[in-house]
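Novice: Got a structure for you, written out below as structure tokens; questions coming shortly.
Where a number appears in this text, it was derived from the coordinates with a stated rule and is not lab data. For clarity, every value in this text was computed on a predicted model and none was experimentally measured. Note that each Cβ is placed from the backbone with ideal geometry, even for glycine, and that neighbours are counted across all protein chains shown.
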Amino acid sequence: MNSRIALYFFYTLLLVAAVAVIFIFLPFLSPMVIAAAVAVILYPVYTRISGSLGIKNYQSNIAALITVFLFLIIVIIPIFFIAAKMYTEIQALYALLTDESGRSQVIDALNAASQAISHGLFDIFPAYSFDSLNATEYLKNILEWIFANLDRVFSGFAKVLAYGFVFLLALFYFLRDGHVMAKNFISWSPLLDSHDVYITKTLKRAIQSVFAGTVVVSVIQGVLTGIGFALFGLPAPAVWGSIAAIAALIPGIGTSLIIVPGIIYLFVTGHMPMAIGLTIWGALAVGLIDNLLGPYLVNKGMNVHPFLILISVLGGMVTFGIVGFVFGPLILAFLFALLEIYRHSFSGEAPVDSVGTINK
């Protein structure tokens, strides 16, 4: 009886301590989770740098520090430059859309294109008048929303710096001590070690699918879209490139949601060579990335249908905020891992997939 009371008391203390730690970590949960995901992606870079160093003392510290420094130069600093560029471009776009003369020029060009198409079809279909077009008002509202959120980011610069410091510090320790943390998880878990290893590998594959197979490909497509817009004279290439990176998450449609309107805009404003050039750029530079690099990276990741990954990313962001694009796929991968363990435990068959086999 006393041993049972002691056991209940221990589990109660354990639960209280776990909940207290969660509340302590909660303000910085987002940068820590993202740092853990980035550490999984950068771990091969860290191991290669660590292996190439001839220093025995502090080898892991130096390798982790170099990896974080490279990530800072290649990824973080360009993000700040793009954000600053977007801030400037959104202001210019907003000023253009609130200027009545700029709006009139766009409507006149659309009316002229509509009349030309109608005349080319022997006036079978009457020319449509865009005089009552209110698309610019919707676009202006979208830009207002983006501008407000960017303004919030720049106004909360101290919070951004704090989150960035926690992220970089967490990334350093996850790179250096990640293997020790994984061993501790396996030793603390009451599951079989083979099941723990399977779950760990499945979560790792999920992170690789989201970052390499989805996020990285989307970012590359967004960058190429922005470059194409800049090359062929479209306004605000950083803004539209960033929106194209988000649109690239939608399977089957992707960046065409941004590129096609850009082509139409160049066509109706009389820039036919530029429209043809952007069409070729979108088909070759942007389209090939989606068709060649995307499947290669996704196949190296989690063996789950891309639609489920997309829903987990979007649903995770709706539920958990920005950190949800990591949380959503991780929860989905965790569920699939548990289902495989369940099938193995009750059917006696060892499940085989992209992450390996659970041994009895």
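Novice: On a full-extension model of 0.36 nm per residue, what is the gain between MET272 and ILE24, subtracting their alpha-carbon distance, rounded to one decimal in nm?
Specialist: Using 0.36 nm per residue and subtracting the Cα-Cα distance, I get 83.4 nm.
Novice: Arrange the following residues from fewest to most other Cβ atoms within 10 Å of their Cβ: HIS195, HIS271.
Specialist: On the way: HIS195 20, HIS271 16.
Neighbour counts put them in this order, fewest first: HIS271, HIS195.
Novice: Moving to a separate point now. So, R0 is 41 Å and r is the distance between the beta-carbons of ALA84 and LEU308; what FRET efficiency does that work out to, to 0.05?
Specialist: On the way: r = 36 Å, r/R0 = 0.88.
After rounding, the FRET efficiency stands at 0.70.
Novice: From the square roots a ≥ b ≥ c of the eigenvalues of the alpha-carbon gyration tensor of the stretch 22-64, which class results: rounded (a/c under 1.5), prolate (a/b over b/c), or oblate? Could you put the intermediate results ahead of the total?
Specialist: Values: a/c = 5.76, a/b = 2.31, b/c = 2.50.
Taking the square roots of the gyration eigenvalues as a ≥ b ≥ c, the stretch 22-64 is oblate.
Novice: Also, I was wondering about something else. Take the stretch 229-275, compute every pairwise Cα distance, and split them into 5 Å bins from 0; I just need the percent in each bin.
Specialist: 5, 23, 29, 22, 14, 6, 0
Novice: In what sequence do SER30, SER60 fall when counting other Cβ within 10 Å, fewest first? Write out the running numbers ahead of the final one.
Specialist: On the way: SER30 19, SER60 15.
Lowest to highest Cβ neighbour count: SER60, SER30.
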